[in-house]
1. Which whole-number value in Å² is the accessible area per residue of the chain, probe 1.4 Å?
2. Return a whole-number percent for the relative contact order of the chain, with Cα pairs under 8 Å and 6 or more residues apart as the contact set.
3. Provide the packing ranking of 345-356, 156-167, 36-47, i.e. peptides ordered by the mean count of other C-beta atoms within 10 Å per residue, highest first.
4. Please get the size of the charge dipole for the chain, origin at its Cα centre, with Cβ charges of +1 on Lys and Arg and -1 on Asp and Glu, quoted in debye to the nearest 20.
5. Estimate the FRET efficiency between Glu329 and Tyr286 by the formula 1/(1 + (r/R0)^6), using the beta-carbon distance for r and 45 Å for R0, to the nearest 0.05.
6. Enumerate the aspartates and glutamates that Lys207 could reach by cross-link, defined here as Cα to Cα under 13 Å, with residues fewer than 8 away along the same chain left out.
7. With the Cα gyration tensor of the chain in hand, convert its eigenvalues to equivalent ellipsoid semi-axes via √(5λ) and list them largest first in whole Å.
8. Could you list, in their original order, any pairs among Lys68/Lys374; Lys14/Lys334; Lys68/Lys236 whose Cα atoms are separated by more than 26 Å?
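The values are calculated or read from the model by the stated rules, or taken from the named source; none is laboratory data. Just so we're clear, the structure is a prediction, and the values are computed from it rather than from any experiment. Please note: Cβ atoms are built from the backbone with ideal geometry, for glycine as well, and neighbour counts cover all protein chains shown. All accessible areas refer to the heavy atoms of the entire protein, side chains included, with ligands and DNA or RNA removed. Shrake-Rupley method; radii C 1.70, N 1.55, O 1.52, S 1.80 Å.
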Amino acid sequence: MPIRFLTAGESHGKALVCILEGIPANLELSSEYINRELQRRQRGYGRGGRMKIESDRVEFLSGVRFGKTLGSPISMVIWNRDWENWQEKMAYEGEPPESLVPFVRPRPGHADLAGGIKYNQKDLRNILERASARETASRVAVGAVCKRLLEEFGIRIGSYVVSIGRLKPEIREEDLLKRHELAELSELRFPDPSKDQDFRAVIDEAKERGESLGGIFEVFAVGVPPGLGSHIQWDKRIDGRIAQAMMSIQAIKGVEMGLGFESGRLYGSEVHDEIGWSEELGYFRYSNRLGGTEGGITNGMPILVRCVMKPIPTLTKPLRSVDLRTREEVRAGKERSDVVAVPAASVVGEAMLAIVLADALLEKLGGDFMEEIKERFERYLQHVKSF
Ligand code: EPS
């Protein structure tokens, strides 16, 4: 697979770091473009105090020169402003300070206990710092570079929130890009900003109860040509790759494409997308119930992915847990946290979809620099049209 990336960094460490390899040379790229995406991820009503501290921005460390990629690994750093308040508790060297209070009351639903057992850590901060969804800032930076690449090929990615908790207002807008544009105007990324008040009330109520909330969001890509991914091997199937990418986002518990689980309740004729042909469009579909893939290959229709995020595990009215030192029943530990982060997760979903599609596109076309890849793309589109 042409694209690979790694992220590193603890939530309250000095910085988040990422390395992205496989982006071709001569792609125009600015930190401003990436920072816009990072800022989108920081928005959303219901986030905790941390987002008031941070103002995420990337600094390039390699792979870019005079505003264009070099084809070499792109490394980026996002400095944590909160580090200033954590320097002693998260010191890289020396002995722990006397004042350090270890985190010993694992939160149900968080990585705390499973990670503590696995890595033999009795101070669960050594687990939660990396398990934190702060890491998703790096993914959004990597995803932004991939989005920039996809834009050059007319592929656009967007997202919107479908529901938060039990609140699921009707979505009237049919056009996916318009849904995205409307979501950009909403502090909860719902594709109708006039519903923000309803969402606020639901979130405020949850906060008052010491609760947290999850929700459902949809991510889409339009302009995707047919032929990305392949039916020939399990790990080449594009829908499998998309599902894996989405499930890897912190707190995501389910992924569907198109009608998803609903299709299991319907007849075949109600699910499959009928095929047509016209001089102007070539082959087209009368519907997009399958979410843009068949046989693990994109079919030219928009990719439509739906993800469910569980409620955040940190509760101000915590659930039962066990103290690791005494093994007595206690209430789980509390940390500063968000009440809901579904709007942010939808932006992370966009990033993950961009990474998977950029990877599949480069796999299809090959090539090392933009000019050559664009030429190959044009030739491929001609093939699609004349098939
Ligand atoms: C998170 C806890 C909170 C969130 C954080 C994810 O951070 P803190 O412990 O510093 O208050 O704000 O999300 C981010 C920092 C972010 O950038 O999205 C957690 O435990 O997962």
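1. Numbers: 19840 Å² over 387 residues.
For the chain, the per-residue accessible area is 51 Å².
2. Numbers: 793 pairs, mean separation 87.6, N = 387.
Relative contact order of the chain: 23 percent.
3. Numbers: 345-356: 27.7, 156-167: 21.4, 36-47: 19.2.
Per-residue Cβ counts within 10 Å, averaged per peptide and sorted highest first, yield 345-356, 156-167, 36-47.
4. Computed about the Cα centre, the dipole is about 980 debye.
5. Numbers: r = 59 Å, r/R0 = 1.30.
Rounded to the nearest 0.05, the efficiency is 0.15.
6. Filter leaves Asp338.
7. Working: eigenvalues 283, 137, 69 Å².
Working through the eigenvalues yields semi-axes of 38, 26, 19 Å.
8. Check vs 26 Å cut-off fails for Lys68/Lys236.
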